[in-house]
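Below is one structure, written out as structure tokens, with a few remarks after it.
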Amino acid sequence: MSWYEQFLVAGTVVPLIGFAFLVFFGHRLGKPLSGWFTVLVMGTSCVLATCVLFSWHGLSPADRAELTAAAVSNQFYWADMGSVPIKIGVKLDSLTVIMFFMVTFIATWIFVFSVGYMAGHSDEIDGQSKYHRFFTYLCMFAFSMLGLVISSNLLFLFIFWELVGLCSYLLIGFYFDKKFASNAAMKAFITNRVGDFGFLFGLMMVFFFLGTLDLDQAAANFRQQYASSTGLFAIGYSIDLFGWQVSGMTLATLMGVGLFCGAMGKSAQFPLHVWLPDAMAGPTPVSALIHAATMVAAGVYLVARIFRLLTPDAQMVVAVIGCITLTMTALIAIVQTDIKKVLAYSTLSQLGYMIFGLGVGAWTAALFHLMTHAFFKAMMFLGSGQVIEGCHHEQEITKMGGLHKKMPVTCWTFFIGVLAIAGTGIPWTGPGIGGFYSKDEILAAALMRTDHWPPEAEHHAKAAPSDEELESGLSYRLASDSPEHGATDTSAGHDSQPKSEQAHGPSELDHAAAHHVDQAALVARATDSEHPTSPLPKWLFWFPIAIAYVTPFYMMRLWWLTFMGKPRDQHVYDHAHESKLMYVPLVALAVGTFFCSYWVFRPLLADAASAATDATMVVAIDGHAHDADHAVGLMLHHDVHRDLVPIVGFAFLIGFGVAWAIYRNGLELATRISSMPGIAFMHRALRERLYIDQVYDFVLVMGCRGFSRLCSVFDAWVVDMVALLCAALVRRIAAFSGWVLDARGVDGVVNGVASLTKYAGNAVRQPQTGRVRNYVLFAAGSAAVVLLLILAGSGAWSAVVGWIGL
Amino acid sequence: MESSLLSWIVFLPSIGAVAIMLLPKALTRVIAVGTTLTTLVVSLLLFRTFLAGGDPAQAESVFGSGYGFLHYVQRIPWITGEGFTIEYFLGVDGLSFPLLILTTLVMFLSCVASWNFSHWKVNKGRKAYFVLFLLLETGMLGVFVALDFFLFYIFWEIMLLPMYFLIGVWGGVRREYAAIKFFLFTLAGSVLMLVALLGMYFYSADAVHQAMASGGVEGIASGYRPDVMITGGTFDLIELATNQAIQDHFGAASTMLMGFRFAPFAFILLFIGFAIKLPAVPFHTWLPDAHVEAPTPISMILAGVLLKMGGYGFLRICYPIFPGGGHDWAFVIAVIGVISILYGALCAMAQTDFKKLVAYSSVSHMGFVLLGISVMNKTGFQGAMFQMIAHGISSPMCFFLVGVIYDRAHHRRINDFGGLWLSMPKYGSWATLGFFASLGLPGLCGFIGEIYVLLGCFEGRSQFGWAVPMAVLAATGVVLTAGYVLWLIQRVYLGKLREEYAGFPDAGIREVFILAPFGVLAIVLGILPKHTLFNFMNGTLDLMVDHIVSMNRHFDLMNQSYAMLGG
């Protein structure tokens, strides 16, 4: 094990140890010691992660590839499935390193914030016993999340995936004495389970068609099967899963969509997005950490990891779902008035952007957006926590206003977040923050795929490689932003021009040589354009563009209504205050938003992209070998970026301006607008979240409960009744045989004989009166009869005797 | 390799029972707990043998090279008559070993759970209770180690009677109804089993005699024991499965019982017998009643061990001896399995009685066992077996969790609880663990069994076209399970604390002592399934599947040639 792996594993295990410690001794540590203990634990992890990140950043791509390959060999033999061994190990690549750092860094600061925040909140129920419990859960969460990030195996990814879901459940329902909190927790878990059902299905398909659950190996097998038209791609098999065609999808697509379902649950994509707004019932630090920065990003992370297993159709599904989510939720965000709900919907919308980005192939950009978003959204959530705490649990922005005087640090760090999410920057030049780079890259990729697709001929020539190129291993791994460049290329977001094609060093060459045959086959298939892909529909570009205008609008609305203008509720305003312990993390994250993301993350992500997306694969399946770079967003054509600026470059200004114009004087104008005919019903529908929750409640929850009631009644009245009827029948038969047959029949015969005897006895007894004269009479009579009989003759006698039957 | 270790394990509880009868009443509980503990410790000695199972180099010495490799065998002719021998034949392999350990463990813990006997509603007859309790243990252990069908049958019936009294005397309000229902259902099953038993004996005798006559020999070679000749019918479960002559005769189209082909028919008879025990829908209705009425420790045993006897019966008797039957009925079995999963989950969701809910969840979980077995491949069998053990850990835990609050609240109406986590934080945490294990949360034991079963179905897709849709249907059960478990947790443990429960004492030392082993095992099995369970059983299961598959292939060939001959 290299020390990189050791550090990553240690960084993952430390929170677990912290968790175990808190389970047993948490109540002794009490308040606030258990909180600080957790900060220490997380800080340790963060230090380890930082070491790894900076050291990794300094390595050459060749060294990184070597370490990645070495990590594969250090795997733990976990179990066999049937006869396929399942091994677990650390997936050591740039993406892991960055995600790991991001999670630990943000978590550490959020833990610090929590120490302050929970001091006031945990007493709501029963004092100290809940305070340490909160931190126990947080440790568990940190462990699970980090485990998810470093897993090299889909099964383990799934296990940690569920564990973060569990932590999320426990933390959303932290104030579980409140009905809405436990409802929200349950909703989150069950909705995620629906997604996991798809994930599980995808997992099974991966296992059985690709014969492994290891991410890299699965991708390799996927590629190999594609090249040789076997397995998932076998002709005839691909359309025949259950003996009928599954809505026109090939088997490979179905697998990708199945896995994506998991991401839809965790990253709250339509139609499984309903849980995230409700999840705001949890304590605010939880919303910041889990429901904005890390866990909900796990879905995006998953899609990035399985990117190599997605066919163009599956990518299309991803893009469409992402597009629907980002559009719908941004619109809903406009009308929300709960500060956390607005942030929740904006999170949904940004997650939609990430998923959409992956769908259109902007791998690097989507993950870059994930990183930047994690920083600024965590910061904004903490800011909202500060506001809520400062305003004594007031969450309605309609009652706030003017808070910038009372909480300046919160106000201005929040403003940085607003700028970042809006994608603020100076068009055509470098400087900008947050979404300025990442969102634009996603949109550029979208433009590429919807408009400039298939690209021009000059790219054809370059990317359809000749055999010589294959052998030299040059043509597949194109690195646009190697770290050296990245360090200087801070303004490259807008015009990351194609850099020179670079060979990745000896290990890459070996790799290329080993797959030479595969690749030749792939290219052969790719160029025969058997699977031509047309450009994506235009709306997949225009909706995200439109929402790029909406985002600044609702964020500015939120910020302005909260911090600017006149106080709308004097009572709230008078009591508002800011806590120092809680604003230090805000500042730290604001600094992170400004600096950390671009200079370190972007180049490393670009490096990760070349390996993690397996450019060759994407290309081959698209049928356009030339677009390796475009498909993964490594290099976007210069023109695309230039074309994009007039369309979206000033969106932030327009959005801010409109919001300012409407809300500058409070809510009156907005109320007037929203009650205008034609807008009023839309406003109502958006406020009611487009009635999706109601429909789910009615159809799914009530349906399920009704059906379960039905089953239960069926069980009691039909299934059990059959058993009881059998029993009753047996008893009837028993009664019949007991009473009719036995008592009247068999017994009747016996009894009949007995009663006959008795009757005869009675009859015989009658004459025995005990009186002598009767006996004398009887004797005399008898004697007379006997005499008569004797007299009648022996013949008659014998006749009488014969008649009696003696 | 004769050894009397298994006899000791099986009859130690009986010795304890005798001791309880003879010694004063004050010692009863101590003796009972001591006996179950001793049994547990002695049964752990078996690890000496099975610990090496995970090492590929030694696996063969643990599991052998074919189905029927046994350890600690003890075989003594027991009843001999004209041409037949009933043997006292005990042995243990990778299939029975985990179940044996599970039994001794669950019995020990539920014996500790009976410690507060004097506080029960019906607390008369302490001696009788513990005597029956220990006899029950003998019966159950005997079922898992008896390899002579006749002996198996006897242990099966021995187990029945103590259970009847334990429910019928110390149970709840409708205890007599529940006890009789339990008794009659199981008895109905064992009658069917008896028919199959006799059929198997007589047809094996026919087979052996025919083989002897056609070969002109004094006896035929045993299927699994070198240098042993068999000369007549047999009750030996391993022999019946491995002897080619017997298998051929069982599987032949001309072998009929009551007008039906013998193998599928006998399979069905046995199947129903075991499915009642499992329990599979629609034979499950005894279970909710029995659970609701039984006292807590008995519920733990019912769920933890008794239900496993059904699954064990499938794996030990139905499938190895009638592999063709398994193949013929695979679809039906899978459908029953899936219906059990979904129907059990739905019924559980609708329950308002805490215990009934857990009982229906057992139906749902055991459906996975059926589904896993039905596809007849290694992954499926491993999954089914793991599911049994996992359920044997999570469900007694859940029943005990119910028992803990029943002891305090004296009712089990889910909707009347609320906020118990607040008044009983420690207990609440254990409860969350237990119910999440039952829910099948990855990282806990329930998950491994389910995913193996589902993967097994996927693996079976080349053989059975329906396998994948079944897996998909079963997987929807995952969502339903989450639904009812979380709803349950919400109604009982979350929410506002009700006044009437505010003063409840938290889980005591004894209660934690019972919950902790279950909880720890649930976690350990979930994290390291191979090292804690698969290592000890996969060898046998794999060999068994190989055996079944090769037998089926053999029958296919036989039927083909039969058809070619114009039959």
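The values are calculated or read from the model by the stated rules, or taken from the named source; none is laboratory data. No experiment lies behind these values; they were computed from the predicted model shown. No Cβ is skipped: glycine too gets one built from the backbone with ideal geometry, and neighbour counts run over all protein chains shown.
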- Single unsatisfied condition, B:Gly418 versus (1) in a loop (DSSP other than H, G, I, E, B); (2) at the interface with another protein chain (Cβ under 8 Å from one of its Cβ atoms): (2)
- Item | the range A:202-230, residues that are at the interface with chain B (Cβ under 9 Å from one of its Cβ atoms), in contact (Cβ under 8 Å) with a residue 12 or more places away in the chain and surrounded by 24 or more Cβ atoms within 10 Å (Cβ to Cβ) | A:Leu203, A:Phe207
- Residues in the range A:68-82 that are assigned to a loop (DSSP other than H, G, I, E, B) and in contact with a helix residue (DSSP H, G or I) (Cβ under 6 Å, 6 or more places away or on another chain): how many? 1
- Task: Can you give me the number of residues within the range B:326-373 that are of a type in the set (Gly, Ala, Ser) and part of a loop (DSSP other than H, G, I, E, B)?
- Result: 0
- Among A:Leu690, A:Leu729, A:Leu724, A:Leu710, which is the only one that is within 30 Å of A:Ile324 (Cβ to Cβ) and within 60 Å of the chain's Cα centre (by Cα)? A:Leu690
- Message: Condition first: assigned to a helix (DSSP H, G or I), of a type outside the set (Lys, Arg) and touching a Gly at 6+ places or on another chain (Cβ under 7 Å). Can you find one or more residues in the range B:297-309 that meet it?
- Response: yes
- Name the residue, out of B:Val404, B:Val369, that is touching a His at 6+ places or on another chain (Cβ under 9 Å) and not hydroxyl-bearing (Ser, Thr, Tyr). B:Val369
- Query: Do we find that B:Leu46 is modelled with pLDDT under 95 and touching a strand residue (DSSP E or B) at 6+ places or on another chain (Cβ under 7 Å) in this structure?
  - Reply: yes
- Just give me the residues in the range A:391-409 being out of contact with any Asp or Glu (no Cβ under 6 Å at 6 or more places or on another chain) and polar (S, T, N, Q), in sequence order. A:Thr398
- Right, B:Ala253: in a loop (DSSP other than H, G, I, E, B) and within 14 Å of another protein chain (Cβ to nearest Cβ) or not? no
- Message: Quick check on this structure: which one of A:Val753, A:Val719, A:Val764 is among the β-branched types (Val, Ile, Thr) and within 14 Å of another protein chain (Cβ to nearest Cβ)?
- Response: A:Val719
- Task: Please enumerate the residues belonging to the range A:572-595 that are of a type in the set (A, V, I, L, M) and within 34 Å of the chain's Cα centre (by Cα).
- Result: A:Leu581, A:Met582, A:Val584, A:Leu586, A:Val587, A:Ala588, A:Leu589, A:Ala590, A:Val591
- Among A:Ile159, A:Ile150, the single one that is crowded, with 24+ Cβ neighbours inside 10 Å, at the interface with chain B (Cβ under 8 Å from one of its Cβ atoms) and either touching a Lys or Arg at 6+ places or on another chain (Cβ under 6 Å) or aliphatic (A, V, I, L, M) (or both) is A:Ile159
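Of all residues in the range A:53-73, count the ones that are among the polar types (S, T, N, Q) and buried (at least 16 other Cβ atoms within 10 Å of the Cβ).
Selection size over the range A:53-73: 1.
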- When both residues are 6+ apart or on different chains and their Cβ atoms are under 9 Å apart, which pairs have a first residue that lies in the range B:58-76 and is on the phi > 0 side of the Ramachandran plot, and a second that is part of a strand (DSSP E or B) and crowded, with 18+ Cβ neighbours inside 10 Å? B:Tyr72/B:Leu90; B:Tyr72/B:Gly91; B:Tyr72/B:Val92
- Give me the pairs, please: first residue somewhere in the range A:74-91 and touching a residue at least 40 places away in the same chain (Cβ under 8 Å) and more than 9 Å from every other protein chain (Cβ to nearest Cβ), second residue anywhere and part of a strand (DSSP E or B) and surrounded by fewer than 16 Cβ atoms within 10 Å (Cβ to Cβ), beta-carbon distance under 6 Å, and either six or more positions apart or on two chains. A:Lys87/A:Tyr77; A:Ile88/A:Phe76
- Based on what the data block shows, is A:Thr136 within 26 Å of A:Leu581 (Cβ to Cβ) and within 12 Å of chain B (Cβ to nearest Cβ)? yes
- Task: Return yes or no: is A:Val206 within 22 Å of B:Met349 (Cα to Cα) and either over 22 Å from the mean Cα position of the chain (by Cα) or of a type in the set (Val, Ile, Thr) (or both)?
- Result: no
- Note on the structure: Filtering the range B:210-246 for residues that are surrounded by 14 or more Cβ atoms within 10 Å (Cβ to Cβ), of a type in the set (D, E, K, R) and assigned to a loop (DSSP other than H, G, I, E, B) leaves a count of 1
- Query: Out of all the residues in the range B:255-269, is one or more within 29 Å of B:Leu135 (Cα to Cα) and of a type in the set (S, T, N, Q)?
  - Reply: no
- Query: Could you count how many residues in the range B:451-466 are more than 9 Å from chain A (Cβ to nearest Cβ) and crowded, with 24+ Cβ neighbours inside 10 Å?
  - Reply: 2
- Task: Might you let me know whether the range A:611-632 holds any residue that is under 30 Å from A:Leu382 (Cα atoms) and either at pLDDT 65 or above or not β-branched (Val, Ile, Thr) (or both)?
- Result: no
- Specify the residue that is surrounded by the most Cβ atoms within 10 Å (Cβ to Cβ); the eligible residues are those in the range B:405-439 that are touching a residue at least 40 places away in the same chain (Cβ under 8 Å) and hydroxyl-bearing (Ser, Thr, Tyr). B:Ser438
- Query: When only residues in the range A:163-194 that are free of Cβ contacts under 8 Å to residues at least 40 places away in the same chain, surrounded by fewer than 24 Cβ atoms within 10 Å (Cβ to Cβ) and closer than 17 Å to A:Ala298 by Cβ count, which is farthest from the other protein chains (Cβ to nearest Cβ)?
  - Reply: A:Leu170
- Task: State whether the residues of the range B:325-335 include one that is surrounded by fewer than 24 Cβ atoms within 10 Å (Cβ to Cβ) and not hydrophobic (A, V, I, L, M, F, W, C).
- Result: yes
